[in-house]
Amino acid sequence: PPAIRKISEEHDKVFVTGCLEPDTSQPRANAAFVVLARNKELDGVIQSVKSIERHFNRWYHYPYVFLNDADFNSTFKETIQNYTSSPVEFGKIDPKMWGFPDWIDPKVAKEGIAKQGDQAIMYGGMESYHAMCRFYSGFFYKHELLAKYEWYWRLEPEIKYFCDITYDPFLKMIESNKTYGFTIAVKELKETVPNIFRYASAYKRVNNLTSQGLWEMFVEPQPEKPEELPEDDPNYKHPLPEEILRGDPSRASLPTIDPEAMEGEKYNMCHFWSNFEIAKLSWFRSQEYEDFFQMMDRSGGFWMERWGDAPIHSLAAGALLAPRDIHYFRDFGYRHTTIQHCPANAPARQMPRSPFLEKTTLDEKKRKEEDEYWDSWDPVKENGVGCRCR
Ligand code: GDP
Ligand code: MN
């Protein structure tokens, strides 16, 4: 899409080219890794920590914050400490930030979730997954263990960095006045977010926000057939069922959808893949982002549909930020399960023309091969230059 090209070429450049030695000369940023995980994911978390330590944090020593809706067990906590010398904190998530809010009817929500399970919507039938997406959309940055930080870098189980990261991305983000950084952008599964764009557009409209040039990244340029929303269609003002609401109606009114907000606009399903993120917490903590989250939340879409935090963060960025606020970490070699981003071949760390170009989907066998290759790869022998792709 044209807007992503703007991020790549006009308003955003790779932070460092051809750098060899890790630059640790400056003081660290006020930042931490944030890892949400379950005890049973320990192996996957170890893999991720090993990878980020090897390729970045053995030089920079940024702290970790691990979060869980349950208690981390002692095996989890003790094992993690063996893989890093950085400070590590473990936090439990308050039920207020996880699960059904008190203004929705859990019976209706559970039925909605079961239906998504029947329809084989990916993770649609898993209540905990819905809770996780809502937590990452509207709460993680409010967790008490993150209160002291201004920046975070999100890590997930089973991710892998291929390249040495020899500069401090937080400092570069600060220096160049960036808010949000990504390394992979992909298309969302349509059936997980049927109504997300209506509400996001309505937010934009209701708050008189005009695009600063990023919104277009998420709009299908020429819809085959513009979405028609007749005024008398009851679905159209509140496409999500009102029965989900209960309790004090003033605390739980459904957002209104403005028909004109939708005119000719259709979500192209593009989003920043949020399992990697480096971003500024003050943006999430801003009134504008809170209003956005409230509007989305009040619709019930986190339960009656399976809205991911990735399209939520992305559409919020589209509504509130400009291309110059976004950084594309095109130089990071990164994989999460089956999708990876590989920078253009070293030594120049040239930037790919679009984040879509350098994305590869791998099957199990190919992934094993790649793992063996990267595990045995010695960056010093390979001219000491960050990343190479095969
Ligand atoms: P995927 O990447 O979309 O396939 O989903 P994941 O299963 O990796 O979940 C995304 C993130 O949320 C990962 O960091 C998981 O560890 C975490 N996560 C997902 N569900 C839960 C849960 O029920 N409890 C906790 N504590 N973490 C969860
Ligand atoms: Mn994951």
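Taking the range 130-168 as the range and being touching an Asp or Glu at 6+ places or on another chain (Cβ under 6 Å) and more than 28 Å from residue 306 (Cα to Cα) as the test, only 167 passes.
Could you tell me whether any residue of the range 21-32 is surrounded by 18 or more Cβ atoms within 10 Å (Cβ to Cβ), within 16 Å of ligand 1 (Cβ to nearest atom) and under 22 Å from the mean Cα position of the chain (by Cα)?
Yes, because at least one residue in the range 21-32 is surrounded by 18 or more Cβ atoms within 10 Å (Cβ to Cβ), within 16 Å of ligand 1 (Cβ to nearest atom) and under 22 Å from the mean Cα position of the chain (by Cα).
When the range 165-190 is limited to residues that are in contact with a helix residue (DSSP H, G or I) (Cβ under 8 Å, 6 or more places away or on another chain) and open to solvent by 20 Å² or more (accessible area, probe 1.4 Å), the one that is nearest to residue 278 (Cα to Cα) turns out to be 177. Among residues of the range 302-316 that are within 18 Å of residue 100 (Cα to Cα), those with a beta-carbon under 6 Å from a residue that is part of a helix (DSSP H, G or I) and among the charged types (D, E, K, R) at least six positions away or on a different chain give the pairs 302/134. Filtering the range 89-108 to residues that are away from ligand 1 (no atom under 16 Å from the Cβ) and open to solvent by less than 80 Å² (accessible area, probe 1.4 Å) leaves 101, 103, 104, 105, 106, 108.
All conditions in (1) modelled with pLDDT of 65 or more; (2) open to solvent by 60 Å² or more (accessible area, probe 1.4 Å) hold for residue 226, with the sole exception of (1). Of the helices (runs of 4 or more DSSP H) lying entirely inside the range 101-185, those carrying at least 1 residues that are farther than 24 Å from residue 58 by Cα are 106-118, 127-138. The single condition from (1) over 21 Å from residue 211 (Cβ atoms); (2) of a type in the set (Phe, Trp, Tyr); (3) at pLDDT 90 or above that residue 289 fails is (1). Within the set 189, 155, 146, the sole residue that is out of contact with any Gly (no Cβ under 8 Å at 6 or more places or on another chain) and modelled with pLDDT under 95 turns out to be 189. Mind checking whether some residue in the range 57-76 is away from ligand 2 (no atom under 15 Å from the Cβ) and of a type in the set (Gly, Ala, Ser)? Yes, that holds for at least one residue.
In the range 274-292, the residues that are under 15 Å from residue 178 (Cβ atoms) reach residues that are of a type in the set (D, E, K, R) and open to solvent by 40 Å² or more (accessible area, probe 1.4 Å) with C-beta atoms within less than 6 angstrom, at least six apart or across chains, in these pairs: 281/150.
If the condition is being under 20 Å from residue 299 (Cβ atoms) and open to solvent by 40 Å² or more (accessible area, probe 1.4 Å), then the range 109-124 contributes 110, 111, 114, 115, 119, 123.
The values are calculated or read from the model by the stated rules, or taken from the named source; none is laboratory data. Keep in mind it's a predicted model, so treat the numbers as computed, not measured. Positions of Cβ are generated from backbone atoms using ideal geometry, with glycine treated the same way; all protein chains shown enter the neighbour counts. Quick note on the areas: whole protein, heavy atoms, side chains included, nothing else; ligands and nucleic acids left out. Shrake-Rupley method; radii C 1.70, N 1.55, O 1.52, S 1.80 Å.
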